[in-house]
1. Measuring from label point to label point, each 7 Å out along Cα→Cβ, what is the T99 to R543 span in nm?
2. Under a 5 Å amide H to amide H cut-off, with H placed in plane at 1.01 Å, what residues pair with M448 once short-range neighbours are removed?
3. Round to a whole number: what % of the accessible area of the chain belongs to carbon and sulfur, probe 1.4 Å?
4. Extending each Cα 7 Å along its Cβ direction at V442 and L298, get the distance between those two points in nm, one decimal.
5. Scan around A207 for amide H atoms under 5 Å from its own, H built in the peptide plane at 1.01 Å from N, and keep only partners 5 or more places away or cross-chain.
6. Counting Lys and Arg as +1 and Asp and Glu as -1, each charge on the Cβ, what is the dipole of the chain about the Cα centre in debye, to the nearest 20?
7. Looking at the chain only, what percent of DSSP beta bridges run antiparallel? Nearest 5 please.
8. Name the residue farthest towards the positive end of the dipole of region 92-298 from the options N167, A219, A264, assuming +1 on Cβ of Lys and Arg, -1 on Cβ of Asp and Glu, about the Cα centre.
Amino acid sequence: MNSLLSARNANPLLLILLACTASLAFAEAPATISSTNILARTQTLASDNFEGRAPGSPGEEKTVAYLVREFKKLGLQPGNPDGTYLQDVTLVGITSHPTLSFNIGGTSLPMRPINDFVGPTSRVSPRLAVKDSDVVFVGYGVVAHEFGWDDFKGVDVRGKTVVMLVNDPPVTDPKTGQLDPKIFGGKAMTYYGRWTYKYEIAAAHGAVACLIVHETGPAAYPFAVVIGSRSRENFEIRTPDGNRDHVAMEGWLTLDAATRLFAACGKDFSALKKAALGSDFRPIALGAKASFTIDSELRNVDSKNVVARFPGSDPKLRDEHVVYTAHWDHLGRNTQLEGDQIYNGAADNAAGVAVLLELAQRFHTLPAAEQPRRSILFLSVTAEEKGLLGSRFYAQHPLYPLTKTLANINIDGANPFGPTTDMATIGFGASTLDDVGTAVAVSQGRTMAPETHPEAGYYYRSDHFEFAKVGVPAYYAKSGTHFIGKPPDFGEKLIEDYIANDYHKVTDEVRPNWTFEGAAQDTEFLLQVGLRVANGDAWPEWRAGNEFKARRDTMMDAAKH
Ligand SMILES: [Zn+2]
């Protein structure tokens, strides 16, 4: 999951001014970073030959073999202490075939798969069937004690089907009428807004099914994306209990289907959606009963994380690591499509992997005096598109202690166009890594701005999030939107165009006008950030009040004893 670019909060007038001066002062990417290399590797990985790089497919074999070959060619060490460049990631593929219908006072309201709903399961079971479970509307389904918010209010939803709104509650400040930044991050999406959170909290309350109502604005992507990622084979990490503690159906309803359901129950969806905006909201029984079945095809898949290592120069610090990540996987081939069936994933994330390889090459050519004191890990993970599974597996089965892992720096997407005068940090304000990033951007003659679309929750949508979840400070930055020599809105238009036309579509392919000069500029940025952390005396830390800080503190305290 990704988007090409995102940043506009900086003052445009200032930026144009900077653009004029920056083109004078701005440092081109050192010769050793080659935009040509980045383009070439992106073209290779995004070619039809790699078949859209789906985990557990021939495309995986080609991709993994290519990455191992490139890391070897670059002279990097095997990243797995077992002497290999591979980490087995044990997955199970689940292809769900759901049916769903509601019964309202004896009248049946059947739901059409794809047109009205998607209803996959993450339970590893060939057949699930539930009859007549009560349907309850639980608003946003959020339990956030820090905001005095509990949408469940102790109401028993065990064995019931809960219907939820997407994103987190857009609470406004009555004085300003604006989104209140003190509650749910204001414009920024918090983890409470993510679909994964919705299924987790529904399971925690014992519900048997959770149906999220899809709305393009609040979700930040069209229903087509939901269909694309949830109505095909999905993967889970193989666990002994087969995810029995998950809700049986992890579904979405279209806005139209939800409105019809509420109306059939004599309820007004938009009125109840308004009611859900208050912290005094209480769950509402719709008076409907849901019945569903899910027949699933199951297959075990051993996918691979690919990992290489650049050992640190300082014997005292060499067992400490900075981990760069970039997922190699994408959506593969969809044989049901007419014409082009391959999701080439050029921007997402062939380009990011190409940047990871160029980074590895750059580290390898650093003069001795500039080499990192701590070790650098280059981790290209699998199954990001399937729920951040490769990075979750690594976070749960780290090859090097997390207490000796200073930071994760994630690469998802890259700037295929020209250089910019600005950078953007996703989740700005989370950790002291922001300061490192800002200092490096300034050293490049650029500015650092918070992301433009905090409402999209990008901090929760790529691999750094799995490192953050286990407490490791995790950084995710990308090119800004102010391109040298381009009109101020050039970058923003690129984002909108990409999200609307190419994101997770077969059209995400390398374009003739892609030069990757911007990506080369950003590769130098990522290198300098990693070097400063690898050579620094201070360890990166989460800021006070950050949702991941407690986990890090607990982990590091435990390591001391
Ligand atoms: Zn991605």
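The values are calculated or read from the model by the stated rules, or taken from the named source; none is laboratory data. Note that the coordinates shown come from a computational prediction; the quantities given were computed from them, not determined experimentally. Don't worry about glycine lacking a Cβ; one is built from the backbone with ideal geometry, like all the others, and counts go over all protein chains shown. The area values use the complete protein model at the heavy-atom level, side chains included, leaving out ligands, DNA and RNA. Shrake-Rupley method; radii C 1.70, N 1.55, O 1.52, S 1.80 Å.
1. Distance between the two pseudo-spin positions: 5.2 nm.
2. M423
3. On the way: 12020 of 21050 Å².
Whole-percent figure for carbon plus sulfur exposure: 57.
4. The answer from the label model is 5.6 nm.
5. Residues meeting the criterion, in which the H sits 1.01 Å from N, are G159.
6. Working: 55 positive and 65 negative charges, 140 e Å.
The calculated dipole for the chain is roughly 680 debye.
7. On the way: 54 of 86 bridges.
Expressed as a percentage, antiparallel bridges in the chain total about 65.
8. Checked the options; the winner is A264.
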